[in-house]
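These notes are about the structure you will find just below.
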Amino acid sequence: MIIHLDMDAFFASVEVRNNPELAGLPVVVGGPSKTRGVVAAANYEARKFGIFSAMPMSQASRLCSDLRILPVNMPLYASVSSQIHEIFNRYTPEIEPLSLDEAFLDVNGSIKLFGSAEDIARRIKQDIKDELRLIVSAGVAPNKFVAKIASDIDKPDGFVVVENDAMQDFLDPLPIKRIWGVGKKTEEQLHNYGIFTIQDIREQSERWLIDRFGKHGDHIYRLANGQDKREVISDVRAKSISSENTFVEDITNKDTLVAYLSHLTEQVAARLREKGRKGKTVNIKIRYHDFTTIVRSKTLSAHTNQTQKIWQAVNSLFQTAIPSGQVAVRLLGVGVSGFGANQSEQVDLFADDDKHNELDEVSDKINQRFGKLKIHRGRKI
Ligand SMILES: [Mg+2]
């Protein structure tokens with residue numbers, strides 16, 4: 001069984017926890033001000049006013065005059081995220097993080113030790129509540145697709161278990177937009193054929209869908225029938241370790257993009273060191289506002305997990321890849337792959353190499369002790 005875990009109103013919940021005077025009040029994270037920027041996260045009190053993520057802040061403050069607006073504090077959320085990850089890790093090493101507040105867990109290997117998938121999900125929910133004073137919604141199901149819907153359907157504080165024999169009854173009444181890959185356009189096309197629910201899709205033949213939607217139709221048909229063979233890809237088995245961030249609002253400022261990249265690099269390098277891995281290939285992913293996505297990679301002269309070396313590659317890839325002039329970026333990612341069987345590194349002749357290794361070691365120690373990313377470096381561009 002697969003468990004999908006998704007923190008409720010994550011950024012806003014962390015802020016309210018840390019500022020108890022905000023409890024019960026409508027709170028959003030975002031900004032920078034009442035008139036500019038967008039809502040990055042809204043707590044449930046704010047949602048009652050019709051406020052949601054990605055809404056312009058000016059509109060949100062019009063909807064609720066008493067709205068409390070807090071700035072985005074990424075290092076804080078990243079540090080809480082790694083505490084959550086540590087709780088997951090008690091129950092299984094098979095963890096695939098999707099973002100700071102969301103992950104898939106494959107618990108098939110943990111059932112002998114901890115009880116059923118349902119028991120494990122319940123324990124994780126309780127641990128997060130007791131130790132971090134935060135609420136996570138959980139979905140338990142035979143595959144990723146259904147587990148993700150299950151965690152979402154009863155939010156906040158959701159806990160939904162879908163057994164194999166109940167899967168089709170669970171899926172059938174849901175609207176087609178619940179299917180991964182059914183966006184606005186496909187939804188509209190399907191509506192035109194009189195198809196509104198997952199059951200409606202299932203009543204068509206696979207051929208019918210393929211004829212109209214090609215490969216995509218096949219994908220839709222399989223998911224509608226509860227078939228999803230994708231495995232949970234944990235860091236342990238992954239061929240690459242990567243981290244990416246989708247922005248609530250497209251970012252055009254290059255300095256801001258560089259700051260995000262630097263933060264992603266620190267996360268990836270710290271995870272490599274945590275797993276005792278070194279990679280030789282560094283890649284970056286940039287998705288523009290129109291969804292065109294480019295991936296650029298660079299092979300280093302030796303395997304490394306040193307933040308500074310990975311950062312040099314990331315930054316030079318970015319500077320070459322990004323067009324001059326105005327760009328609107330919606331997603332950035334950093335990854336390291338090409339893990340060597342022989343992880344011993346060649347002697348490096350750069351004089352400051354040891355200094356950087358020491359710096360990584362010190363910051364890893366501090367981060368392990370006090371929660372991740374308490375320490376991160378300021379960076380010259
Ligand atoms: Mg969430």
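The values are calculated or read from the model by the stated rules, or taken from the named source; none is laboratory data. None of the values given here were measured: they were computed from a predicted structure. Don't worry about glycine lacking a Cβ; one is built from the backbone with ideal geometry, like all the others, and counts go over all protein chains shown.
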Task: Looking only at the range 349-362, and only at residues there that are touching a Ser or Thr at 6+ places or on another chain (Cβ under 9 Å) and under 23 Å from L317 (Cα atoms), the one that is modelled with the lowest pLDDT - done: H356
Open item on the list: So G31 ticks every box in (1) within 16 Å of the ligand (Cβ to nearest atom); (2) at positive phi but one. Which box is left unticked?
Closed with: (1)
Open item on the list: Residue under question is E274, and the condition is that it be charged (D, E, K, R) and touching a Gly at 6+ places or on another chain (Cβ under 7 Å); does it hold?
Closed with: no
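Tell me, which helices (runs of 4 or more DSSP H) lie completely within the range 1-90 with 1 or more residues that are of a type in the set (K, R), surrounded by fewer than 19 Cβ atoms within 10 Å (Cβ to Cβ) and within 24 Å of the chain's Cα centre (by Cα)? I'd like the intermediate steps shown before the answer.
Numbers: elements: 10-18, 44-47, 57-63.
Of the helices (runs of 4 or more DSSP H) lying wholly inside the range 1-90, those with at least 1 residues that are of a type in the set (K, R), surrounded by fewer than 19 Cβ atoms within 10 Å (Cβ to Cβ) and within 24 Å of the chain's Cα centre (by Cα) span 10-18, 44-47.
For every residue, the table says whether it meets (1) under 20 Å from R330 (Cα atoms); (2) assigned by TED's automatic domain parsing to the domain that holds L331; (3) part of a helix (DSSP H, G or I); (4) in contact with a strand residue (DSSP E or B) (Cβ under 6 Å, 6 or more places away or on another chain).
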site: D250; (1), (2), (3), (4): yes, yes, no, yes
site: V258; (1), (2), (3), (4): yes, yes, yes, no
site: R271; (1), (2), (3), (4): no, yes, yes, yes
site: G276; (1), (2), (3), (4): no, yes, no, no
site: D290; (1), (2), (3), (4): yes, yes, no, no
site: S301; (1), (2), (3), (4): no, yes, no, no
site: N315; (1), (2), (3), (4): yes, yes, yes, no
Task: Close pairs (9 angstrom Cβ cut-off, 6 or more residues apart or separate chains): over 20 Å from G340 (Cα atoms) in the range 257-284, acidic (D, E) anywhere - done: L264/E244
TODO: Taking the residues in the range 235-248 that are of a type in the set (V, I, T) and not in a loop (DSSP other than H, G, I, E, B) as candidates, determine which candidate is surrounded by the fewest Cβ atoms within 10 Å (Cβ to Cβ).
DONE: T246
- [ ] Residue by residue through the range 9-28, note down the ones that are closer than 24 Å to R330 by Cβ and within 12 Å of the ligand (Cβ to nearest atom).
- [x] A9, F10, F11, A12, V14
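The rows are residues; the columns are (1) in contact with a helix residue (DSSP H, G or I) (Cβ under 9 Å, 6 or more places away or on another chain); (2) within 16 Å of the ligand (Cβ to nearest atom); (3) farther than 22 Å from N245 by Cα.
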| residue | (1), (2), (3) |
| --- | --- |
| T35 | yes, no, yes |
| V39 | yes, yes, no |
| Y44 | yes, yes, yes |
| G50 | yes, no, yes |
| R68 | yes, no, yes |
| L100 | yes, yes, no |
| F104 | yes, yes, no |
| V107 | yes, no, yes |
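Taking the range 275-295, which residues are within 21 Å of the chain's Cα centre (by Cα) and surrounded by fewer than 17 Cβ atoms within 10 Å (Cβ to Cβ)?
K275, Y288, H289, D290, F291, T292, T293, I294, V295
Would you please name the residue that is farthest from the ligand (Cβ to nearest atom), looking only at residues in the range 131-170 that are in a helix (DSSP H, G or I) and over 24 Å from R222 (Cβ atoms)? Working first, answer last.
The initial filter retains those residues of the range 131-170 that are in a helix (DSSP H, G or I), namely 131-132, 144-153, 164-170.
Restricting the remaining residues to those that are over 24 Å from R222 (Cβ atoms) gives 131-132.
Details: E131: 18, L132: 14 Å.
Of everything passing the filter in the range 131-170, E131 is farthest from the ligand (Cβ to nearest atom).
Using the structure shown, decide if S79 is free of Cβ contacts under 8 Å to residues at least 60 places away in the same chain and more than 16 Å from the ligand (Cβ to nearest atom). Spell out how you get there, then give the answer.
Values: free of Cβ contacts under 8 Å to residues at least 60 places away in the same chain: no; more than 16 Å from the ligand (Cβ to nearest atom): yes.
No: the conditions fail for S79.
Yes/no per residue for (1) of a type in the set (S, T, Y); (2) farther than 30 Å from S82 by Cβ; (3) out of contact with any helix residue (DSSP H, G or I) (no Cβ under 7 Å at 6 or more places or on another chain):
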position: R122; (1), (2), (3): no, no, yes
position: I135; (1), (2), (3): no, no, no
position: F145; (1), (2), (3): no, no, no
position: S151; (1), (2), (3): yes, no, yes
position: E188; (1), (2), (3): no, yes, yes
position: N192; (1), (2), (3): no, yes, yes
position: I198; (1), (2), (3): no, yes, no
position: R212; (1), (2), (3): no, yes, yes
